[in-house]
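Worksheet: one structure, shown below.
Read-outs: derived from the displayed coordinates by stated rules, not from any lab. Computed from a predicted model, the values in this text were never measured in an experiment. Methodologically, a virtual Cβ is constructed for each residue, glycine included, from the backbone with ideal geometry; neighbour enumeration extends over all protein chains shown.
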Amino acid sequence: MQITKLNSKSILPLTCTRSGTCCFGKAVMLNPWELLRFSKEKKITPREFRDLYCEFGGIQLRFDGKPDKKGQKACSQYVDGFGCSVHEGRPLACRLYPLGRQIQFDKAQYIFEGTKFPCLTDCVEVLDLPKLSVGEYLKGQEADAFEKAQDEYLIIMQNIADIGFELLLDSGLAASVDMKTLAVWRELGKEPPELLVKRIGKAWLDCLMIPDITIDTENPITFAQKHNDLLLLKLQENFGSSQTLQELHEASVLIIGVALHLARGLGADTKGISEHWIETAKSHGAKE
């Protein structure tokens, strides 16, 4: 599939309403701050929102509503005849749609699949709307805070993975000619989310997706940084005393699993990321 790349000045017929084809048959991934924002708009707790409306421990919004004419099920937040019931709390994926976002060399790029603007296929009424630049569209969608949250959680994902690297490379595990840890890392990258959820376990899923943070929740950067501290503290408490090679192996595997699960919630390619991490570890002496 060809990818069309855009910059902030690119002009396209962009808009966003409470209802449209974007509310049916999609895979909307969530980071922890987005889950929190959804719950606030719904006026329920993050745990309640996750348990009622999300899949795989909170990383994906559930689409189990009334199907459209194509048989595609509606988002769990879609109300027939009204549209999105939590429009103000919608995540970055919804704010950007139909655009995607890539980070290259610390700079955001906006993309869509194919050569024809996707909305023209099912929402041809966009042709009658005023044309906006990508930058104007993002400003109108108030996407800035959500982009900041996404970028902060990409950093957290790597911070978690770095602990997994340390347990493999700096503990004596890799020097012991361990050859199974990287093999499991590879399995984790390919593992479907429903299996990875079981491997991680409820306690880690709760810490990852519904952290106990009650102050500064409006600021995505502050929230993410507090969350980062909580995760690193839990990692230290759980694995700081690991000593045997088996304990170190199990800890490294679980930590990389947590990092990859968060990566999936950020819309990242978990297989590609795990392969990159494996090659990085091998370049530092680990074996497979």
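Would you mind working out the magnitude of the charge dipole of the chain relative to its Cα centre, with +1 at each Lys and Arg C-beta and -1 at each Asp and Glu C-beta, to the nearest 20 Debye? Present the calculation step by step, with values, prior to reporting the outcome.
Working: 35 positive and 39 negative charges, 180 e Å.
Around 860 debye, computed over the chain.
Could you work out how far helix 144-169 tilts from the main Cα principal axis of the chain, as a 0 to 90 degree angle to the nearest 10?
20 degrees
Within 10 Å, count the other beta carbons around each residue, average over each peptide in 235-242, 189-196, 250-257, and list them highest first.
Put in order of decreasing packing, that is 250-257, 189-196, 235-242.
Determine, for Thr115, Thr217, Thr270, the number of other Cβ atoms within 10 Å of each Cβ, and report the residues in order from fewest to most.
Numbers: Thr115 8, Thr217 15, Thr270 20.
With the fewest neighbours first, Thr115, Thr217, Thr270 line up as Thr115, Thr217, Thr270.
Could you line up Trp204, Trp33 from fewest to most neighbouring Cβ atoms inside 10 Å?
Placing the least packed residue first, the sequence is Trp204, Trp33.
If amide hydrogens are placed 1.01 Å from N in the peptide plane, which non-local residues have theirs closer than 5 Å to the one on Cys54?
Amide H to amide H, under 5 Å and 5 or more residues apart or across chains, Cys54 pairs with Arg62.
Distance between the C-alpha centers of segment 158-212 and segment 51-117? Whole Å please.
28 Å
What is the angle, in °, between the Cα long axis of helix 181-190 and the longest principal axis of the Cα atoms in the chain? Nearest 10 is fine, range 0 to 90.
Long axis of 181-190 versus the principal axis of the chain: about 10 degrees.
Among rounded, prolate and oblate, which fits segment 201-284 when a ≥ b ≥ c are the square roots of the eigenvalues of its C-alpha gyration tensor, a/c under 1.5 means rounded, and a/b larger than b/c means prolate? Walk me through the numbers before you get to the answer.
Numbers: a/c = 2.22, a/b = 1.35, b/c = 1.64.
The shape class here is oblate.
What are the lysines whose alpha-carbon lies under 18 Å from the alpha-carbon of Lys282, with same-chain residues fewer than 8 places away excluded?
Lys180, Lys271
Using Cβ contacts closer than 10 Å as the measure, can you line up Met29, Met209, Met179 from fewest to most?
Ranked by crowding around the Cβ, least crowded first: Met179, Met29, Met209.
With percent of Cα pairs over 23 Å apart defined as stated, name the option among (1) 64; (2) 58; (3) 52 computed from the structure displayed.
(2)
Counting alpha carbon pairs within less than 8 Å and at least 6 residues apart, what relative contact order, in whole percent, applies to segment 145-283?
With pairs under 8 Å counted, the relative contact order is 47 percent.
Straight-line reach from Lys287: which aspartates and glutamates fall under 20 Å, measuring Cα to Cα and dropping same-chain residues less than 8 apart?
Cα-Cα hits under 20 Å: Asp162, Glu166, Asp170, Asp178, Glu187, Glu247, Glu250, Glu275, Glu279.
Can you tally the net charge around Ser8? Count Lys and Arg as +1, Asp and Glu as -1, for every other residue whose Cβ sits under 13 Å from the Cβ of Ser8.
Within the 13 Å Cβ shell, the charges total +2.
Which net charge results when you count Lys and Arg as +1 and Asp and Glu as -1 among the other residues whose beta-carbon is under 14 Å from that of Val134?
+4
Setting aside same-chain residues fewer than 8 positions from Lys66, which aspartates and glutamates have a Cα under 16 Å from its Cα?
Asp80
In percent, what relative contact order does the chain have, based on Cα pairs under 8 Å that are 6 or more apart in sequence?
Working: 408 pairs, mean separation 73.3, N = 288.
Computed over the chain, the figure is 25 percent.
Given springs between every Cα pair under 10 Å in a Gaussian network model of the chain, which of Gly135, Gly58, Gly81 has the largest fluctuation?
Answer for the Gaussian network model of the chain: Gly81.
Tally Lys and Arg at +1 and Asp and Glu at -1 over the other residues with C-beta under 11 Å from the C-beta of Phe49: what net charge comes out?
Neighbour charge sum, excluding Phe49 itself: +3.
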